[in-house]
Amino acid sequence: MSAVFSGCDVQSKRKLILHSVRSAFDVPDAFLTDGYYFIAMLVWDAERAGDREVLQLARKLINAGCACIWCWGGGCERVHDLFDEAWVADVVDDETENVLMTTWHADETLDSFIYFALRRTKVTSKYAGECRTSIALVIGDTNRASAI
């Protein structure tokens, strides 16, 4: 696995980190972030991944402090839906603003997706003070990791 500090986004003031792993099972349990929460930009062709693998990844990222998950790549709509399923089953709290923001971007270019995730992401007030990192998490595709 590789983790690369990429700088700081001038608009959001969030630290930018790129993580590239071979499989969803290689994603770490924790990330070095500024603050407890982070935004995850998931770049993954997950069409062949089983629901169990995606749900395991969802729970891992949620437990690590993921406040927003933006999904891109093959099967991203299903990945998005399974993240929502994991959140509702394990964390949902109807009494607070404790929500996981999720989107999928099947019809966008990688550049457009990254721009959206970096520049259009707003977190709820629960996360705002402690969400100071954006993580581009690339699973199984070193060429896309290099492009990011």
Restricting to segment 119-132, what's the tally of residues that are at pLDDT 85 or above and more than 10 Å from residue 67 (Cβ to Cβ)? 2
Out of all the residues in segment 87-95, is one or more modelled with pLDDT of 85 or more and surrounded by 16 or more Cβ atoms within 10 Å (Cβ to Cβ)? no
Could you please find all residues in segment 106-145 being over 18 Å from residue 8 (Cα atoms) and either touching a Leu at 6+ places or on another chain (Cβ under 9 Å) or among the hydroxyl-bearing types (Ser, Thr, Tyr) (or both)? 109, 112, 124, 125, 127, 138, 139, 142, 144
For segment 41-52, which positions are farther than 16 Å from residue 141 by Cβ and surrounded by 12 or more Cβ atoms within 10 Å (Cβ to Cβ)? 51
Qualifying positions in segment 111-134 - crowded, with 16+ Cβ neighbours inside 10 Å and more than 14 Å from the chain's Cα centre (by Cα): 127, 130
Return the residue satisfying two criteria in turn: it lies in segment 8-60 and is among the hydroxyl-bearing types (Ser, Thr, Tyr) and over 22 Å from residue 85 (Cα atoms), and of such residues it is modelled with the lowest pLDDT. 12
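Residues are listed down the side, and each one gets a yes or a no for (1) touching an Asp or Glu at 6+ places or on another chain (Cβ under 8 Å); (2) at negative phi:
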| site | (1), (2) |
| --- | --- |
| 41 | no, yes |
| 45 | yes, yes |
| 51 | no, yes |
| 63 | yes, yes |
| 69 | no, yes |
| 134 | yes, yes |
| 140 | yes, no |
| 144 | no, yes |
Within segment 63-90, track down each residue that is touching a helix residue (DSSP H, G or I) at 6+ places or on another chain (Cβ under 8 Å) and in a helix (DSSP H, G or I). 78, 79, 82, 83, 85, 86, 87, 90
In segment 112-127, which residues are assigned to a loop (DSSP other than H, G, I, E, B) and of a type outside the set (D, E, K, R)? 121, 123, 124
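The values are calculated or read from the model by the stated rules, or taken from the named source; none is laboratory data. All of these numbers come straight from a predicted model, not from anything done at the bench. With ideal geometry, Cβ positions are generated from the backbone for all residues, glycine too; neighbour counts draw on all protein chains shown.
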